[in-house]
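Below: one structure in C-alpha coordinates.
The values are calculated or read from the model by the stated rules, or taken from the named source; none is laboratory data. As the structure is a prediction and not an experimental result, all values here were calculated from the model. Because the Cβ atoms are built from the backbone with ideal geometry, glycine has one as well, and the counts that use them run over all protein chains shown. Ligands, DNA and RNA are stripped out before the accessible areas are found, and what is left, the full protein with its side chains, is counted by its heavy atoms. Shrake-Rupley method; radii C 1.70, N 1.55, O 1.52, S 1.80 Å.
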Amino acid sequence: MTGATPPNPVVDFPAFAVSCGEEGSDPLVLHEGRTVRVDEYRASGHLEHLDRDLADVAALGVQVWRYGMPWRLAEPAPGVYDWALWDRALDACRRHDLIPVIDLCHFGLPDHYGGFCEPDWVEGFGRYVDAFLARYPEPVWFTPVNEPGITALFSARLGMWNDRRATEDDYFVALANIVTANLEALRRIRADRDGWWIGSEGFGCELADPADEGGIRAATDARDLQQLVWDLHLGVAPRGVGARFTDVATEAVQERITGLVGVVPADRIIAGHDIYPVSVAPHGTMAARPLSIGDRVAAYEAEATAWFDRYRVPFWVSETSNLGLPVEQGTEWLEALTASLATMTRRGLPVRGICWYSRGDQFDWDTALTVPIGTVTEVGLFDADRRARPVAQAYAALAARGRA
(Lines give C-alpha, C1' and ligand atoms only; values in the text may rest on other atoms or scores of the structure.)
Protein backbone atom coordinates (compact mmCIF):
# COMPACT_ATOMS: atom_id res chain seq x y z
CA MET A 1 0.00 0.00 0.00
CA THR A 2 1.56 3.29 -1.06
CA GLY A 3 -0.11 5.21 1.75
CA ALA A 4 1.62 3.07 4.37
CA THR A 5 5.14 4.03 3.27
CA PRO A 6 6.69 6.49 5.75
CA PRO A 7 7.82 9.68 4.00
CA ASN A 8 10.48 10.37 6.63
CA PRO A 9 11.38 8.99 10.08
CA VAL A 10 11.88 12.44 11.65
CA VAL A 11 9.36 13.12 14.44
CA ASP A 12 10.39 16.22 16.39
CA PHE A 13 9.62 19.55 14.78
CA PRO A 14 12.86 21.40 13.93
CA ALA A 15 14.25 24.02 16.27
CA PHE A 16 13.77 26.42 13.35
CA ALA A 17 11.94 25.12 10.29
CA VAL A 18 12.41 26.67 6.85
CA SER A 19 9.22 25.47 5.22
CA CYS A 20 7.03 25.92 2.18
CA GLY A 21 3.45 25.04 1.31
CA GLU A 22 1.10 24.43 -1.60
CA GLU A 23 -2.00 26.62 -1.89
CA GLY A 24 -5.08 24.39 -2.06
CA SER A 25 -8.02 26.56 -0.99
CA ASP A 26 -11.44 25.39 -2.19
CA PRO A 27 -14.31 27.44 -0.71
CA LEU A 28 -17.65 28.02 -2.38
CA VAL A 29 -18.31 31.56 -3.62
CA LEU A 30 -21.15 33.34 -5.40
CA HIS A 31 -19.97 34.45 -8.83
CA GLU A 32 -22.17 35.86 -11.59
CA GLY A 33 -25.31 34.65 -9.86
CA ARG A 34 -24.28 31.05 -9.26
CA THR A 35 -22.40 29.13 -6.61
CA VAL A 36 -18.89 28.28 -7.80
CA ARG A 37 -16.31 25.98 -6.25
CA VAL A 38 -12.92 27.69 -6.11
CA ASP A 39 -10.16 25.18 -6.89
CA GLU A 40 -6.65 26.52 -6.44
CA TYR A 41 -5.09 23.18 -7.40
CA ARG A 42 -6.93 23.23 -10.69
CA ALA A 43 -5.95 26.85 -11.33
CA SER A 44 -2.27 26.21 -10.66
CA GLY A 45 -2.15 22.80 -12.34
CA HIS A 46 -0.50 21.37 -9.25
CA LEU A 47 -2.05 17.92 -9.45
CA GLU A 48 -0.82 17.56 -13.03
CA HIS A 49 2.68 18.75 -12.04
CA LEU A 50 2.78 17.34 -8.52
CA ASP A 51 6.07 15.47 -8.79
CA ARG A 52 7.90 18.36 -10.43
CA ASP A 53 6.50 20.85 -7.91
CA LEU A 54 7.74 18.81 -4.95
CA ALA A 55 11.10 18.26 -6.64
CA ASP A 56 11.47 22.03 -7.10
CA VAL A 57 10.78 22.65 -3.42
CA ALA A 58 13.16 19.91 -2.29
CA ALA A 59 15.88 21.36 -4.53
CA LEU A 60 15.76 24.55 -2.46
CA GLY A 61 16.75 22.55 0.61
CA VAL A 62 13.30 22.73 2.18
CA GLN A 63 12.15 19.66 4.13
CA VAL A 64 9.06 20.79 6.08
CA TRP A 65 6.17 20.87 3.63
CA ARG A 66 2.65 22.18 4.46
CA TYR A 67 0.40 19.99 2.33
CA GLY A 68 -3.15 18.77 1.98
CA MET A 69 -5.50 17.18 -0.50
CA PRO A 70 -9.02 18.69 -0.66
CA TRP A 71 -11.41 17.01 1.77
CA ARG A 72 -14.20 17.11 -0.83
CA LEU A 73 -12.11 14.92 -3.17
CA ALA A 74 -11.09 12.52 -0.43
CA GLU A 75 -14.74 12.08 0.65
CA PRO A 76 -16.91 12.45 -2.46
CA ALA A 77 -19.96 11.01 -0.66
CA PRO A 78 -20.75 10.69 3.06
CA GLY A 79 -18.46 8.06 4.55
CA VAL A 80 -17.06 7.08 1.12
CA TYR A 81 -13.33 7.75 0.91
CA ASP A 82 -11.10 7.96 -2.13
CA TRP A 83 -7.44 7.90 -1.11
CA ALA A 84 -5.90 8.09 -4.58
CA LEU A 85 -4.72 11.70 -4.25
CA TRP A 86 -3.42 11.26 -0.71
CA ASP A 87 -1.56 8.08 -1.70
CA ARG A 88 0.07 9.91 -4.57
CA ALA A 89 0.88 12.98 -2.48
CA LEU A 90 2.50 11.07 0.37
CA ASP A 91 4.44 8.88 -2.04
CA ALA A 92 5.84 12.06 -3.62
CA CYS A 93 6.76 13.43 -0.19
CA ARG A 94 8.73 10.24 0.48
CA ARG A 95 10.53 10.37 -2.86
CA HIS A 96 11.60 13.96 -2.38
CA ASP A 97 12.41 13.73 1.35
CA LEU A 98 9.71 16.22 2.29
CA ILE A 99 8.12 15.86 5.71
CA PRO A 100 4.44 16.84 5.46
CA VAL A 101 2.44 18.96 7.85
CA ILE A 102 -0.96 17.43 7.09
CA ASP A 103 -3.73 19.89 6.22
CA LEU A 104 -7.16 18.21 6.22
CA CYS A 105 -9.60 21.11 5.68
CA HIS A 106 -8.60 24.25 3.77
CA PHE A 107 -11.52 26.71 3.64
CA GLY A 108 -13.98 24.31 1.97
CA LEU A 109 -16.31 21.44 2.89
CA PRO A 110 -17.46 18.45 0.84
CA ASP A 111 -20.60 19.09 -1.17
CA HIS A 112 -22.77 17.03 1.19
CA TYR A 113 -22.39 19.62 3.97
CA GLY A 114 -24.26 22.90 4.02
CA GLY A 115 -21.70 25.18 5.62
CA PHE A 116 -19.54 25.91 8.63
CA CYS A 117 -22.46 27.37 10.61
CA GLU A 118 -24.22 23.99 10.48
CA PRO A 119 -23.04 21.51 13.14
CA ASP A 120 -23.29 18.24 11.17
CA TRP A 121 -19.94 18.58 9.43
CA VAL A 122 -18.09 18.55 12.78
CA GLU A 123 -18.83 14.87 13.40
CA GLY A 124 -18.25 14.09 9.73
CA PHE A 125 -14.84 15.69 9.95
CA GLY A 126 -14.02 13.53 12.96
CA ARG A 127 -14.88 10.40 10.99
CA TYR A 128 -12.68 11.61 8.12
CA VAL A 129 -9.79 12.17 10.53
CA ASP A 130 -10.23 8.66 11.92
CA ALA A 131 -10.22 7.19 8.41
CA PHE A 132 -7.09 9.15 7.50
CA LEU A 133 -5.28 8.00 10.63
CA ALA A 134 -6.23 4.38 10.00
CA ARG A 135 -4.82 4.49 6.49
CA TYR A 136 -1.70 6.56 7.15
CA PRO A 137 0.11 5.65 10.38
CA GLU A 138 3.22 7.74 9.69
CA PRO A 139 2.43 11.52 9.75
CA VAL A 140 2.75 13.22 13.12
CA TRP A 141 2.52 16.92 12.22
CA PHE A 142 -1.03 18.16 11.63
CA THR A 143 -2.91 21.34 10.83
CA PRO A 144 -6.36 19.70 10.91
CA VAL A 145 -8.28 22.88 10.00
CA ASN A 146 -6.28 25.56 8.22
CA GLU A 147 -6.85 29.05 9.64
CA PRO A 148 -9.95 28.37 11.77
CA GLY A 149 -10.50 32.05 12.48
CA ILE A 150 -10.16 33.15 8.86
CA THR A 151 -12.48 30.33 7.77
CA ALA A 152 -15.14 31.64 10.15
CA LEU A 153 -14.49 35.29 9.28
CA PHE A 154 -14.85 34.93 5.52
CA SER A 155 -17.71 32.42 5.70
CA ALA A 156 -19.85 33.95 8.43
CA ARG A 157 -18.79 37.53 9.19
CA LEU A 158 -17.80 38.99 5.80
CA GLY A 159 -20.32 37.01 3.74
CA MET A 160 -17.79 36.01 1.09
CA TRP A 161 -17.38 32.21 1.21
CA ASN A 162 -19.36 29.05 1.87
CA ASP A 163 -22.27 30.00 4.18
CA ARG A 164 -22.05 33.65 2.99
CA ARG A 165 -23.40 34.97 6.24
CA ALA A 166 -22.41 38.36 7.57
CA THR A 167 -23.20 38.93 11.24
CA GLU A 168 -21.12 38.81 14.38
CA ASP A 169 -23.43 36.14 15.85
CA ASP A 170 -22.99 33.94 12.76
CA TYR A 171 -19.24 34.38 13.12
CA PHE A 172 -19.38 33.13 16.71
CA VAL A 173 -21.50 30.13 15.70
CA ALA A 174 -19.19 29.18 12.84
CA LEU A 175 -16.08 29.69 14.96
CA ALA A 176 -17.49 27.48 17.71
CA ASN A 177 -18.05 24.66 15.21
CA ILE A 178 -14.64 25.09 13.60
CA VAL A 179 -12.73 25.20 16.89
CA THR A 180 -14.65 22.15 18.09
CA ALA A 181 -13.77 20.28 14.91
CA ASN A 182 -10.11 21.25 15.12
CA LEU A 183 -9.75 20.30 18.78
CA GLU A 184 -11.69 17.07 18.29
CA ALA A 185 -9.40 16.16 15.38
CA LEU A 186 -6.38 16.81 17.57
CA ARG A 187 -7.87 14.62 20.32
CA ARG A 188 -8.23 11.77 17.85
CA ILE A 189 -4.70 12.28 16.55
CA ARG A 190 -3.26 12.25 20.06
CA ALA A 191 -5.21 9.09 20.90
CA ASP A 192 -3.68 7.41 17.85
CA ARG A 193 -0.04 8.64 17.90
CA ASP A 194 2.36 11.18 19.35
CA GLY A 195 1.03 13.89 17.09
CA TRP A 196 1.79 17.60 17.02
CA TRP A 197 -0.50 20.55 16.40
CA ILE A 198 1.35 22.73 13.91
CA GLY A 199 -0.95 25.71 13.76
CA SER A 200 -1.77 28.12 10.95
CA GLU A 201 -3.91 31.17 11.65
CA GLY A 202 -4.34 34.62 10.18
CA PHE A 203 -2.34 37.11 12.22
CA GLY A 204 -3.42 40.70 11.96
CA CYS A 205 -1.40 43.58 13.36
CA GLU A 206 -3.75 46.38 14.37
CA LEU A 207 -2.18 49.85 14.51
CA ALA A 208 -3.40 53.22 15.73
CA ASP A 209 -1.87 56.55 16.73
CA PRO A 210 -1.45 56.92 20.52
CA ALA A 211 -3.68 60.01 20.72
CA ASP A 212 -6.41 58.71 18.40
CA GLU A 213 -9.13 57.33 20.68
CA GLY A 214 -11.34 56.18 17.82
CA GLY A 215 -8.45 54.44 16.06
CA ILE A 216 -7.35 52.74 19.28
CA ARG A 217 -10.88 51.52 19.93
CA ALA A 218 -11.18 50.11 16.39
CA ALA A 219 -7.77 48.43 16.65
CA THR A 220 -8.60 46.94 20.05
CA ASP A 221 -11.94 45.56 18.88
CA ALA A 222 -10.35 44.02 15.80
CA ARG A 223 -7.60 42.44 17.89
CA ASP A 224 -9.99 41.06 20.51
CA LEU A 225 -12.27 39.55 17.89
CA GLN A 226 -9.34 38.07 16.01
CA GLN A 227 -7.70 36.60 19.11
CA LEU A 228 -10.89 34.81 20.13
CA VAL A 229 -9.77 31.82 18.05
CA TRP A 230 -6.62 31.50 20.18
CA ASP A 231 -8.56 32.09 23.41
CA LEU A 232 -10.84 29.16 22.62
CA HIS A 233 -8.07 26.79 21.56
CA LEU A 234 -5.78 27.59 24.48
CA GLY A 235 -8.26 28.12 27.31
CA VAL A 236 -7.83 31.86 27.79
CA ALA A 237 -10.83 34.01 28.78
CA PRO A 238 -12.03 36.08 25.80
CA ARG A 239 -11.91 39.82 26.22
CA GLY A 240 -13.65 42.86 24.79
CA VAL A 241 -15.99 42.22 21.88
CA GLY A 242 -14.78 38.60 21.75
CA ALA A 243 -16.38 37.95 25.13
CA ARG A 244 -19.83 38.07 23.47
CA PHE A 245 -19.04 34.60 22.19
CA THR A 246 -20.20 33.21 25.54
CA ASP A 247 -23.64 34.77 25.01
CA VAL A 248 -24.06 33.34 21.51
CA ALA A 249 -22.54 29.86 21.41
CA THR A 250 -24.62 27.16 23.04
CA GLU A 251 -23.65 26.01 26.51
CA ALA A 252 -23.13 22.48 25.23
CA VAL A 253 -20.67 23.62 22.57
CA GLN A 254 -18.80 25.80 25.04
CA GLU A 255 -18.52 22.90 27.46
CA ARG A 256 -17.25 20.63 24.72
CA ILE A 257 -14.57 23.14 23.70
CA THR A 258 -13.51 23.65 27.32
CA GLY A 259 -13.23 19.89 27.78
CA LEU A 260 -10.95 19.60 24.75
CA VAL A 261 -8.56 22.41 25.74
CA GLY A 262 -5.20 20.91 26.64
CA VAL A 263 -5.69 17.76 24.58
CA VAL A 264 -2.32 18.48 22.93
CA PRO A 265 0.58 18.80 25.40
CA ALA A 266 2.35 22.15 25.36
CA ASP A 267 5.53 20.55 24.02
CA ARG A 268 3.61 19.35 20.96
CA ILE A 269 2.14 22.73 20.00
CA ILE A 270 3.66 25.15 17.50
CA ALA A 271 1.16 27.97 17.07
CA GLY A 272 1.01 29.45 13.59
CA HIS A 273 1.14 33.13 12.65
CA ASP A 274 0.15 33.79 9.03
CA ILE A 275 1.69 37.22 8.57
CA TYR A 276 1.86 39.08 5.28
CA PRO A 277 2.54 42.73 4.43
CA VAL A 278 -1.21 43.08 3.95
CA SER A 279 -1.81 41.74 7.48
CA VAL A 280 -0.77 45.06 9.04
CA ALA A 281 -3.91 47.18 9.40
CA PRO A 282 -3.69 50.86 10.41
CA HIS A 283 -6.84 52.35 11.94
CA GLY A 284 -8.14 55.89 12.31
CA THR A 285 -5.69 58.70 11.57
CA MET A 286 -2.87 56.25 10.92
CA ALA A 287 -4.75 54.77 7.94
CA ALA A 288 -3.94 57.84 5.83
CA ARG A 289 -0.17 57.27 6.00
CA PRO A 290 1.83 54.72 3.95
CA LEU A 291 3.66 51.90 5.70
CA SER A 292 7.15 50.78 4.78
CA ILE A 293 8.40 47.19 5.00
CA GLY A 294 10.23 48.23 8.17
CA ASP A 295 6.99 49.59 9.66
CA ARG A 296 5.15 46.37 8.87
CA VAL A 297 7.82 44.08 10.28
CA ALA A 298 8.11 46.20 13.42
CA ALA A 299 4.34 45.95 13.85
CA TYR A 300 4.53 42.18 13.61
CA GLU A 301 7.38 41.98 16.12
CA ALA A 302 5.43 44.06 18.63
CA GLU A 303 2.20 42.11 18.06
CA ALA A 304 3.94 38.73 18.25
CA THR A 305 5.62 39.74 21.51
CA ALA A 306 2.30 40.76 23.04
CA TRP A 307 0.69 37.59 21.68
CA PHE A 308 3.32 35.43 23.36
CA ASP A 309 2.88 37.27 26.64
CA ARG A 310 -0.81 36.31 26.48
CA TYR A 311 -0.60 32.69 25.29
CA ARG A 312 2.89 31.43 26.25
CA VAL A 313 3.28 28.77 23.57
CA PRO A 314 5.95 28.40 20.85
CA PHE A 315 5.05 29.85 17.46
CA TRP A 316 6.24 30.04 13.88
CA VAL A 317 5.44 32.13 10.85
CA SER A 318 3.25 29.48 9.25
CA GLU A 319 2.58 31.59 6.16
CA THR A 320 4.23 34.62 4.61
CA SER A 321 4.95 36.11 1.19
CA ASN A 322 5.04 39.51 -0.48
CA LEU A 323 1.20 39.58 -0.56
CA GLY A 324 0.32 43.28 -0.49
CA LEU A 325 3.64 44.33 -2.02
CA PRO A 326 4.99 44.16 -5.58
CA VAL A 327 6.53 40.79 -6.35
CA GLU A 328 9.92 42.46 -6.83
CA GLN A 329 9.99 43.20 -3.10
CA GLY A 330 9.69 39.56 -2.07
CA THR A 331 13.36 39.18 -1.14
CA GLU A 332 13.38 42.46 0.80
CA TRP A 333 10.31 41.35 2.76
CA LEU A 334 11.84 37.93 3.49
CA GLU A 335 15.11 39.41 4.71
CA ALA A 336 13.40 41.96 6.94
CA LEU A 337 11.04 39.39 8.44
CA THR A 338 13.74 36.78 9.10
CA ALA A 339 15.90 39.44 10.74
CA SER A 340 12.97 40.24 13.04
CA LEU A 341 12.49 36.55 13.88
CA ALA A 342 16.18 36.34 14.76
CA THR A 343 15.82 39.37 17.03
CA MET A 344 12.85 37.81 18.81
CA THR A 345 14.78 34.57 19.24
CA ARG A 346 17.68 36.45 20.85
CA ARG A 347 15.17 38.07 23.19
CA GLY A 348 14.08 34.62 24.33
CA LEU A 349 10.86 34.15 22.37
CA PRO A 350 10.33 30.56 21.15
CA VAL A 351 10.26 31.21 17.39
CA ARG A 352 10.18 27.86 15.58
CA GLY A 353 10.36 28.67 11.89
CA ILE A 354 9.02 30.31 8.77
CA CYS A 355 6.96 29.04 5.83
CA TRP A 356 6.83 30.84 2.48
CA TYR A 357 3.32 30.43 1.19
CA SER A 358 3.26 29.26 -1.37
CA ARG A 359 5.52 27.33 -3.72
CA GLY A 360 3.88 28.87 -6.79
CA ASP A 361 1.76 31.84 -7.65
CA GLN A 362 -1.82 31.80 -6.45
CA PHE A 363 -4.99 32.82 -8.24
CA ASP A 364 -7.70 35.39 -7.55
CA TRP A 365 -6.52 36.42 -4.12
CA ASP A 366 -6.87 40.04 -5.29
CA THR A 367 -10.58 39.52 -4.59
CA ALA A 368 -10.13 37.00 -1.74
CA LEU A 369 -11.22 34.28 -4.21
CA THR A 370 -14.65 35.83 -4.78
CA VAL A 371 -14.05 36.44 -8.51
CA PRO A 372 -12.53 33.12 -9.62
CA ILE A 373 -11.44 34.04 -13.14
CA GLY A 374 -7.79 33.01 -12.97
CA THR A 375 -6.12 36.32 -12.14
CA VAL A 376 -2.55 35.56 -11.08
CA THR A 377 -1.51 36.65 -7.58
CA GLU A 378 2.27 36.95 -7.81
CA VAL A 379 3.45 35.59 -4.46
CA GLY A 380 5.19 32.30 -5.26
CA LEU A 381 8.80 31.25 -4.93
CA PHE A 382 8.09 30.06 -8.47
CA ASP A 383 5.92 31.93 -10.95
CA ALA A 384 2.83 30.55 -12.65
CA ASP A 385 5.06 29.02 -15.36
CA ARG A 386 7.14 27.30 -12.65
CA ARG A 387 10.21 29.49 -13.09
CA ALA A 388 12.14 30.29 -9.92
CA ARG A 389 12.05 33.90 -8.76
CA PRO A 390 14.96 35.70 -7.03
CA VAL A 391 13.21 35.16 -3.70
CA ALA A 392 13.56 31.40 -4.26
CA GLN A 393 17.33 31.79 -4.29
CA ALA A 394 17.16 33.79 -1.07
CA TYR A 395 14.96 31.12 0.45
CA ALA A 396 17.40 28.36 -0.55
CA ALA A 397 20.17 30.32 1.16
CA LEU A 398 18.01 30.60 4.30
CA ALA A 399 17.36 26.85 4.25
CA ALA A 400 21.10 26.19 3.87
CA ARG A 401 21.89 28.38 6.89
CA GLY A 402 19.25 26.51 8.88
CA ARG A 403 20.91 23.18 8.12
CA ALA A 404 24.42 24.44 8.92
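Can you give me the relative contact order of the chain as a percent, contacts being Cα pairs under 8 Å and 6 or more apart? Provide the component values of the computation, followed by the final result.
On the way: 766 pairs, mean separation 72.7, N = 404.
Over the chain, the number comes to 18 percent.
Take each complete run of DSSP H in the chain, measure how far its Cα atoms stretch along the helix's own axis, and keep only those covering 15 Å or more with mean Kyte-Doolittle hydropathy at least -1.0; list them. Walk me through the numbers on the way to the answer.
On the way: long enough: 84-95 (17 Å, -0.49); 120-135 (23 Å, -0.07); 168-192 (36 Å, 0.02); 213-234 (30 Å, -0.29); 293-311 (26 Å, -0.37); 330-346 (24 Å, 0.14); 390-403 (20 Å, 0.21).
Span-like helices in the chain: 84-95, 120-135, 168-192, 213-234, 293-311, 330-346, 390-403.
Given the protein chains as shown and a 1.4 Å probe, how many square angstrom of residue 345 are accessible, to the nearest 10?
70 Å²
How much accessible area per residue does the chain have, counting only protein heavy atoms and a probe of 1.4 Å, in square angstrom? Walk me through the numbers on the way to the answer.
Details: 15210 Å² over 404 residues.
Here the per-residue accessible area is 38 Å².
Which log10 I(q)/I(0) values, to two decimals, does the chain give at q = 0.06, 0.10, 0.13 Å⁻¹ under the Debye formula with one point per Cα?
-0.21, -0.62, -1.14
Sticking with this structure for a sec: Run the simple label-point estimate for residue 91 and residue 343 please: 7 Å along Cα→C-beta, distance reported in nm.
The two pseudo-label positions are separated by 4.8 nm.
Taking amide H positions as placed 1.01 Å from N in the peptide plane, with prolines and chain starts having none, which residues 5 or more places from residue 202, or on another chain, fall under 5 Å of its amide H?
149, 150, 274
Taking only DSSP H segments of four or more residues, each worth -39500 (n - 2.57), what value at 222 nm results for the chain once the sum is divided by all its residues, to the nearest 500 deg cm²/dmol? Spell out each step's value before the answer.
Working: 13 runs with 163 residues, N = 404.
Result for the chain, helices only: -12500 deg cm²/dmol.
Could you look at the chain and say what percent of its accessible area is carbon and sulfur, using a 1.4 Å probe and all protein chains?
Working: 8170 of 15210 Å².
Carbon-and-sulfur percentage of accessible area, whole number: 54.
Between 126, 21, 380, where does the largest GNM mean-square fluctuation fall for the chain, given springs only between Cα atoms within less than 10 Å?
Top of the fluctuation ranking is 126.
Which of the trypsin sites (Lys or Arg not before Pro) across the stretch 256-335 are loop residues per DSSP, with 13 or fewer other Cβ within 10 Å? Working shown, then result.
Numbers: sites: 256, 268, 296, 310, 312; in loops: 312.
Passing sites in the stretch 256-335 are 312.
Just 281, 394, 368 to compare: in a GNM of the chain, with alpha carbon springs under 10 Å, which one fluctuates most?
Greatest mean-square fluctuation among the candidates belongs to 368.
If you don't mind, there's one more thing I want to ask. Considering the chain as a Gaussian network with a 10 Å cut-off on Cα pairs, which listed residue, 115, 199, 259, attains the greatest mean-square fluctuation?
Looking only at 115, 199, 259, the largest GNM fluctuation is found for 259.
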